[in-house]
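The structure appears right after this line, and notes come after that.
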Amino acid sequence: MPDRQLACAKIKSPAGEQYYQAMSCAANFAWANRQVLMHNAREVLMRTLNISPRSLAMRLVYDVCHNIAKFETHVVEGKKQRVCVHRKGATRAFAPGHPELSSDYRDVGQPILIPGDMGTASYVLAGTQRSMDETFGSTCHGAGRVLSRTAAKKAAKGRFLKRELEDKGIFVRWTGRSTMAEEMPDAYKDISQVVNVVHGAGISKKVAKLRPIAVVKG
């Protein structure tokens, strides 16, 4: 390929259909895995706090996938067409009233979960009509990397990232120093700037800003 980053195949070609089927299997695995993670988190909290499921009242609010291709109907050159939208580094941002939204969210637009990094913040946004008009109902799905994994590991040499985060009141469960280095806050763009861009462009609107839980030592 002239540019390996732009490799592609027609969706109706044998390679395209094989890719879509494999991706669907991966998406199903990811969905099931998230259910297991949520169940395990619930079990740990109940055991640690010694409370019942009713007292914990932990339930799934919203589940959404990122980096996935889906067949959808969009207006292309003035006509409704069924197309395959592949969101890489992006997620759905359907507007209020869209028929594919559940009744819980149809009046407000699709909830959008924008994770930042483990040292700053994350955001909840909502989809808009402008995203339907300009970006096939899509918006960013995260802050985006400013350092590659290899570059991040080089930049982390000589630093004690675990201590740096703990000094901010953020405690991270990690396995292996390289994993911590690859995901350090410095490896990502400023999430607030990224969210301000998509909010200012009108393709999604800010709803809430979430920060990592800080533990205050007495």
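The values are calculated or read from the model by the stated rules, or taken from the named source; none is laboratory data. Only a predicted model underlies this, so the values are computations on that prediction, with no experimental measurement involved. Positions of Cβ are backbone-derived with ideal geometry, glycine not excepted, and every protein chain shown enters the neighbour counts. Areas reflect the complete protein model, heavy atoms only, side chains present, ligands, DNA and RNA absent. Shrake-Rupley method; radii C 1.70, N 1.55, O 1.52, S 1.80 Å.
Structure summary
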| quantity | calculated |
| --- | --- |
| All positions within region 48-79 that are assigned to a loop (DSSP other than H, G, I, E, B), within 21 Å of residue 17 (Cα to Cα) and either open to solvent by less than 40 Å² (accessible area, probe 1.4 Å) or free of Cβ contacts under 8 Å to residues at least 40 places away in the same chain (or both) | 65 |
| Residues satisfying the stated conditions in region 157-207, i.e. part of a loop (DSSP other than H, G, I, E, B) and hydroxyl-bearing (Ser, Thr, Tyr) | 175 |
| Region 139-163: number of residues that are more than 25 Å from the chain's Cα centre (by Cα) and open to solvent by 70 Å² or more (accessible area, probe 1.4 Å) | 5 |
| Top-ranked residue in region 169-208 [being charged (D, E, K, R) and at pLDDT below 95; ranked as least open to solvent (accessible area, probe 1.4 Å)] | 182 |
| Unique match (being of a type in the set (A, V, I, L, M), open to solvent by 80 Å² or more (accessible area, probe 1.4 Å) and either in contact with a helix residue (DSSP H, G or I) (Cβ under 8 Å, 6 or more places away or on another chain) or part of a helix (DSSP H, G or I) (or both)) among 45, 37 | 37 |
| Residue in region 157-169 that is of a type in the set (A, V, I, L, M, F, W, C) and closer than 18 Å to residue 92 by Cα present | no |
| Unmet requirement for residue 82, which otherwise passes all of (1) closer than 22 Å to residue 134 by Cβ; (2) open to solvent by 60 Å² or more (accessible area, probe 1.4 Å); (3) out of contact with any Asp or Glu (no Cβ under 8 Å at 6 or more places or on another chain) | (3) |
| Cβ-Cβ under 7 Å pairs, at least 6 apart or on other chains, region 8-23 side at negative phi and open to solvent by less than 60 Å² (accessible area, probe 1.4 Å), far side among the charged types (D, E, K, R) and not in a helix (DSSP H, G or I) | 16/10 |
